[in-house]
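Engineer: I'd like to ask you about the structure that follows.
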Amino acid sequence: MNASPSHCSGFSRTGLILGFLLAIFLAVFPASPRAAEELRLWDLNHSRATTLSEILPVLSSVDLLIVGEAHGNPRHHAAQLTIINEMHASRTTIAVGLEMFQQREQQVLDDWVAGAIPESEMNRAFTRNWGNLWPAYQDIFIYCRDHGIPMVGLNVPREITRKVARQGFASLTREELGLLPPIVCRIDPEYEAFLRRFVGTDGHAGAFERFCEAQLVWDAAFAVHALDYLKNQPDHTMIVLTGSVHAWKPAMPFQVHRLAPQIRQASIVPDIPAHMDRLDITANDADFLMLGL
């Protein structure tokens, strides 16, 4: 039986309303992470605004991409996950390097990516390494596990850097030095000036010198462990997730360049106005700033 004109008219109006509601729903709840708002950045090498999609070919061509964060900041971790997702989706072979995990616990990360341990055990291991911040990093870890992306611990035992911060690098025993990769803890004036610029100059000279040494131990160790991985996996691009202070070029990137100047690297740091005035930041400090986070 043919539908009456009035029936067709009602159906048309209903369809229009449903279509309008669906459009609103899709705008509020994107269908996939790739449909979410584009990650906006400032390109310090060319002094212009850009997007992650636009610079993806550049990022995919480097050996080491260092992405800074304020630990536990959900917006920063969401941006890091977006970068990991987009790099993986572009068919770049990637690994994720972690300040949050000690190198001596690498087997836990391998077991996690292989699906050999439950999330509860991974949560306990994370807490042992980095404290009670698992919820902030959970999505990144699950993404890497579900997509088979290697995760690499870059950090040194926490008791080592704590001792250096309290007593200085010279206080380490031979046994404690044996827990570190081969590094040189020598603070040059440029590195000290960078840290003073980033964190300020509060405290007496001795305390600041020990702080510099502790930061340098981290920067140098991260560089050695990342380069060791890339030496064995030269087809990978490693995306390093680390605190912003380590991602600036005078920090970990400088240590990488000092040890392996042939390594192609890029650094992305969040724009944190409390630390540095954006107008004072140049390509000598980083390659890209994450905006609006």
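The values are calculated or read from the model by the stated rules, or taken from the named source; none is laboratory data. Given the structure is predicted, the values throughout are model-derived calculations rather than measurements. All Cβ positions, even for glycine, are placed from backbone atoms using ideal geometry, and neighbour counts span all protein chains on display. We work out accessible area using only protein heavy atoms, side chains counted, and drop any ligands, DNA or RNA first. Shrake-Rupley method; radii C 1.70, N 1.55, O 1.52, S 1.80 Å.
Engineer: Ordering W134, W42 by accessible area with a probe of 1.4 Å, largest first, what comes out?
Structural biologist: Details: W134 10, W42 80 Å².
Largest to smallest exposure gives the sequence W42, W134.
Engineer: Roughly speaking, what is the stretch gain from T93 to H147, that is 0.36 nm per residue apart minus the C-alpha to C-alpha distance, in nm to one decimal? Don't skip to the end; give the middle numbers.
Structural biologist: Numbers: separation 54, 0.36 × 54 = 19.44 nm, distance 1.13 nm.
Once the chain is fully extended between T93 and H147, it gains 18.3 nm.
Engineer: Which log10 I(q)/I(0) values does segment 74-168 give at q = 0.11, 0.15, 0.22 Å⁻¹ under the Debye formula, counting every alpha carbon as one identical point scatterer?
Structural biologist: Each listed q maps to, in turn, -0.34, -0.60, -1.16.
Engineer: Rolling a 1.4 angstrom probe over the protein chains, ignoring ligands and nucleic acids, what is the accessible area of D111 in square angstrom, nearest 10?
Structural biologist: The value for D111 is about 50 Å².
Engineer: Now for a different question. Take peptides 284-292, 174-182, 51-59 and line them up by average Cβ neighbours within 10 Å, highest first, as a rough protection proxy.
Structural biologist: On the way: 284-292: 19.9, 174-182: 12.1, 51-59: 15.4.
The densest-packed peptide leads the list: 284-292, 51-59, 174-182.
Engineer: Just grab the label-to-label distance for R264 and A193, each label 7 Å out from Cα along the Cβ direction, in nm (one decimal).
Structural biologist: For R264 paired with A193, the spin-label model returns 3.1 nm.
Engineer: Once fully extended, how much extra length lies between S120 and A49, figured as 0.36 nm per residue of separation less the alpha-carbon to alpha-carbon distance?
Structural biologist: Details: separation 71, 0.36 × 71 = 25.56 nm, distance 4.12 nm.
Additional length available on full extension: 21.4 nm.
Engineer: Pop the C-beta distance of Q107 and E159 into the FRET formula with R0 = 22 Å and round what comes out to the nearest 0.05.
Structural biologist: Details: r = 20 Å, r/R0 = 0.90.
Efficiency computed from Cβ-Cβ geometry: 0.65.
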